[in-house]
1. Looking at B:200, A:143, B:38, which one has the Cα that reaches farthest to the positive end of the dipole of the protein assembly as shown (charges on Cβ: Lys, Arg +1; Asp, Glu -1)?
2. Calculate the dipole size of the range A:239-345 relative to its Cα centre from +1 charges on Lys and Arg beta carbons and -1 charges on Asp and Glu beta carbons; express the result in debye to the nearest 20.
3. With respect to the cross-link table entries A:106/B:165; A:20/A:150; A:127/B:191; A:103/A:150, which display a Cα-Cα separation exceeding 19 Å?
4. Go through A:326, A:196, A:342 and say which Cα lies farthest out towards the positive end of the charge dipole of chain A; charges sit on Cβ, +1 for Lys and Arg, -1 for Asp and Glu.
5. Report, in debye and to the nearest 20, how large the dipole of chain A comes out about its Cα centre when Lys and Arg carry +1 and Asp and Glu carry -1 on their Cβ.
6. For the range A:324-339 and the range A:59-132, what is the centre-to-centre distance using only Cα atoms, to the nearest Å?
7. Within the accessible area of the range B:32-275, what % is carbon and sulfur when the probe is 1.4 Å and the other protein chains stay in place?
8. Straight-line reach only, C-alpha to C-alpha below 18 angstrom: list the aspartates and glutamates that residue A:341 could link to, leaving out same-chain residues fewer than 8 apart.
Amino acid sequence: MEIILEDFTKRFGEVTVIEKMNLKIREGELLALLGPSGCGKSTTLFTICGIHRVDGGRVLFGDQDVSRVPAQQRNVGVVFQSYALYPHMSVFENIAFPLTVRKEHKNTIREKVAEIAELVHIGELLKRRPEQLSGGQQQRVALARALVRKPSILLLDEPLANLDAKLRLEMRSEIRRIQLETRISAVLVTHDQVEAMSMSDRIAIMKEGEILQVASPTEMYQQPINDFVAGFLGNPPIAFLDAHVQEGEIHLLNRKIQFNFPGSSMPTNGTKIRLGIRPEHYQPNNPIQIPGTISFVETQGRENLYDVMLDDGSILRSIQSSATESIEKSAQVLWGIQPDKVLIFDQAGNRI
Amino acid sequence: MKAALAELQIELTPYQINTLSQAAYTGWVWTTDNFHKMTILPETKQILFNTIIYVTFTLLLFNVGFALVLAIATFYLPKGQAGIFRALWLLPRISPSVLYVVLWKWLTWDTGFLNAILNPLGVAQRNWMLDTTLNAWVFVVLINGFIGASMGMILFSSAITAIPKPLLYASEVDGANRWQQIRFIILPQLKWPILFVTVYQCLSLLTSFEQILLSTDGGPGSTTEVWALAAYHNALDNYWGNLQYGYGAALALVLVVIGVIMSFIFLRFFRFQELVRQPRIEQ
C-alpha cells in the first residue's frame, strides 16, 4: 500500500520537532529514513503507526486518511529496537497476539502463525519463551509478529541496533529477503548509512526534522544534494577542500592547483566553493595531481585507508587496495583527482 | 493490687500484704486447658468464620482488587490528575485511625451525614453501621479496605510504570484495545506485585483489629468479632472485668501459628523463588 505524509507536523509541547514534512512511500518499496539521532526519524515512524498523534497535516494509507485513526485500527506492523516481545508469552503466543486480539479462529491463527514462522525460519522455536532466544531469534519473532497480520505497512525502528556485528550482517539480508518476498511497503529507521544503502530501495535523509533528499542509494551517493548528505553517506567519509572559482577554473591551495570547472552552471569569478572528494576518487593515476604527506594509515585488510595532509593543512582521504605496496606514514605522495568526480558545493553547502 | 487497696483506703502491714499476694497470685502452671477451651467454645467457630470473612473480602475487594483498579485507572489518566487521585487515596492511610473512624461514625450514626441526606427522602433514621450484621460487615470492610488499598495502589502503580514503554506501544499497534492491553500485558506483568500484596496484606489483616475495635467493636452482638479482636477482648478488655490474659495469649499464639503456616503455604504454592529471581530478558 502507498503511504503518504502530507504537510506532517509534530510538536512536543512547545517544541516543533517536524514541520510540514512531505513524504511518499511507494507500494512495495523499502524506504530508509536515515539521519543522525534526534533528527525526527523515529518520531515520523511512531506517527505513521499511530503511537504519536499528528499535530498538523495528514497521514494517508492509500486513499484513506488515518490521521485520526488510533494505532489499534491502522493495521501496521512494527519491529521495535528492543523487539518488545511480550516476556510472559511463548513465541507462538507472541506471534499470534495481533490475531488473538482480533478474535480470529484458533485454527486460522495456528495456520497463519505456522506459515509466517516458516517464512522467518523460526518454526522450531514456537514453544520457547523470548528469554530463551538469542538476539537474532528474538528479532525474527518480532518480524513474524509484525507480519502475521498482513500489515498495510511494515515499520522497522533501528531493527539491527541491538545485534552484534555478524548477526547484523545476517539479519540485514534476511529482513530484505522477507520484505521482498512479502512485498509489503516498509519503512526502515536507521542512523547507519551502510544499513540504509544496503537494504533499501530509496533513502530519505533527514536532518533536524527536515527531509533533505529522497533518492535511490546509488543516486544519493553519486549526486548528493548538499554537503551534509555527501558527508553522511560513504565510509570512509568524503573529504572537503576549500577552493574558489577564477575565470572558468577552480583554484585551490593558493592557486598552486588549477583545473577547468567541470559543470555547466559556472559561478561568477571569485566565488568561494568547497570540493567534496571521496576516498575512491583520490588515487595515484588521476590527472589533477595534488601533493601531500601521509598522516595516517588504517589497515582494513582488503584495503588501506590513507589520510593525506596537504600543504595548507587540509586532509584528503584515499582508499586503495592493499594488494599494492603499502605506503608508510610520513611518506610524500603525489596522487590525483578526477575533475568530473569532484562534488562542488557553494558556501552554504548546497551542491552546484 | 497495691493501687486497688489504696483506692479502697485500706492500710495493711507488710506481713498482711505478703499473705494477701500469696493468696491472690495463683502461680503459673503448664497447661493446654486454654486451647482445650478454645475447641469447645462455640464463639471460637464464630470468630474463625468472622476472620475468614473479614480477611477475604477486605483483601480481594480492596487491598488487591480496588488497588488494581486505582493503579490502572490512574495510569491512563494525565500525570497531574493521577497524582491528585493517588494522594486522595493515601489520606485514609496517613490520617490517625481514631480520627478516621470517627469520620466514618459521623457518616453513619443516627444523626449523621447519611441520615441527614436520606431522612428527608423518607428513609427511617438508623445507625447505618450497627443496624444489621450485613451493614456492620460492609462498613468493617470499607473502613479497612480504604486504608489497605493505598499500599497496593502505590506498588501496582510503580510496577505499571516500570513496564517497558515499547511493550505497551507494541500491544497498541498489534491492535489490542485498552481492556486487552490490561488483560494481556499489564496484569501478567503485575503478577509478582499482586502476589506480594496478597501475601503481605493477608498476613497483616489476620492480626489487625484496631479499626474494628474503634468502629463496631465486634458488634452488633459479636458478629464482627475477629480472632485478633477476640484475643484483645479476652486479655485486656473483658466485658465482665476478669481479664483472661492466659486465654487471650493462647488465642494470639494460635494466630501466630496460622500466620506462619500460611506464609509457608504461600511461599511454596506461588513459587516465590521463581518470581524473585533476576529477569533474563532485558527490555
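1. Toward the positive end, the furthest listed residue is B:38.
2. Numbers: 9 positive and 12 negative charges, 37 e Å.
The calculation lands at about 180 debye.
3. Working: A:106/B:165 29 Å; A:20/A:150 30 Å; A:127/B:191 21 Å; A:103/A:150 16 Å.
Result: A:106/B:165; A:20/A:150; A:127/B:191 exceed 19 Å.
4. Highest projection toward the positive end goes to A:196.
5. On the way: 40 positive and 43 negative charges, 264 e Å.
Computed about the Cα centre, the dipole is about 1260 debye.
6. Cα centroid to Cα centroid, the span is 54 Å.
7. Working: 9000 of 12710 Å².
Accessible surface attributable to carbon and sulfur in the range B:32-275 totals 71 percent.
8. A:219, A:227, A:242, A:249, A:280
The values are calculated or read from the model by the stated rules, or taken from the named source; none is laboratory data. All of these numbers come straight from a predicted model, not from anything done at the bench. With ideal geometry, Cβ positions are generated from the backbone for all residues, glycine too; neighbour counts draw on all protein chains shown. The protein model used for the area step is the full one, side chains on, heavy atoms only, and it has no ligands, DNA or RNA in it. Shrake-Rupley method; radii C 1.70, N 1.55, O 1.52, S 1.80 Å.
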